[in-house]
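None of the figures in this text is laboratory data; all of them are computed from the coordinates on show. The structure displayed is predicted, hence computed values, not measured ones. Here the Cβ positions follow ideal geometry from the backbone for every residue, glycine too, while neighbour counts run over all protein chains shown.
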Amino acid sequence: MPSRLAAALVAALALPGAASPQPPRPPRTEIVERIVAVVDERPIFLSDLHALRAVRGLAEEQALPALVDERLMYVEAARLPQAEVSTEEEDRALATLVETRPGLVAEVPEPDLRRLLHRQIVILKYVEFRFRPQVRVSDEEVRKAWEEDQAGDPAGPALEDELVTIRARLERRALDERIEAWIAELRTRADVRYAEVPPFGPAGP
């Protein structure tokens, strides 16, 4: 899965920081269910691949590796009691997603959207519980980043005006690095077998 994974998941869930609303798409094509990959003896189905690609707007060559990474993270995250997802949380996420991107309803069946949202909420909860507390950005790191920004714009804003923005940027970067390291570790332990995937129609608008 590409870097900035946490941001990608937030965008997929249409939470704050999500992409702009997308225009409605043509009616969905019926998916003939089949297995597209097997991860540690657990099958990944074409319907889940189609849902992920539609929600995140991924190209065909990106979608399956992203779904494999998501499955690896989900299986690990689901073991944590703090990552449990209630029906109410799932309902709210679905309502927000459909309100923000109504075209998805015509493209992806609701059960497939629910499965995708459930997995991604579990992953986000796990990330917040396990990795967020590890993220610490010192005042010295903030000042260094500000000085680097100022190098190209000596007349730029004062440090006091940029403290919150710079700290948030550095915290996101540190969180991304921890997530990427986690994914890399999961991949080294995983047994992944791919099947041939039939082509989809365009995923973008």
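Paramagnetic label reach from residue 33 (point 7 Å along Cα→Cβ; backbone nitrogen cut-off under 14 Å): within the range 115-134, residues 115. Among the trypsin sites (Lys or Arg not before Pro) in the range 30-64, those placed in a DSSP loop whose Cβ has at most 15 other Cβ atoms within 10 Å are 34.
Distance from the C-alpha centroid of the range 95-158 to that of the range 66-80: 18 Å, rounded to the whole angstrom.
The phi-based Karplus calculation (6.51 cos²θ - 1.76 cosθ + 1.60; θ = phi - 60°) puts the 3J(HN,Hα) values of the range 163-171 at 3, 5, 5, 5, 4, 4, 5, 5, 5 Hz, whole numbers, x for Gly and Pro. A cut-off of 5 Å between modelled amide H atoms, ignoring neighbours fewer than 5 places along the same chain, links residue 36 with 44, 45, 46. The charge dipole of the range 88-204, taken about its Cα centre with unit charges on the Cβ atoms of Lys, Arg (+1), Asp and Glu (-1) only, comes to about 580 debye. In this rough spin-label picture, where each label sits 7 Å from Cα along the Cβ direction, the residue 159-residue 189 distance is 4.2 nm. In this simple spin-label model, placing a label point 7 Å from the Cα along the Cα-to-Cβ direction at both residue 75 and residue 41 gives a separation of 1.0 nm. Put a dot 7 Å past the Cα of residue 110, heading toward its Cβ, do the same for residue 171, and the two dots end up 3.6 nm apart.
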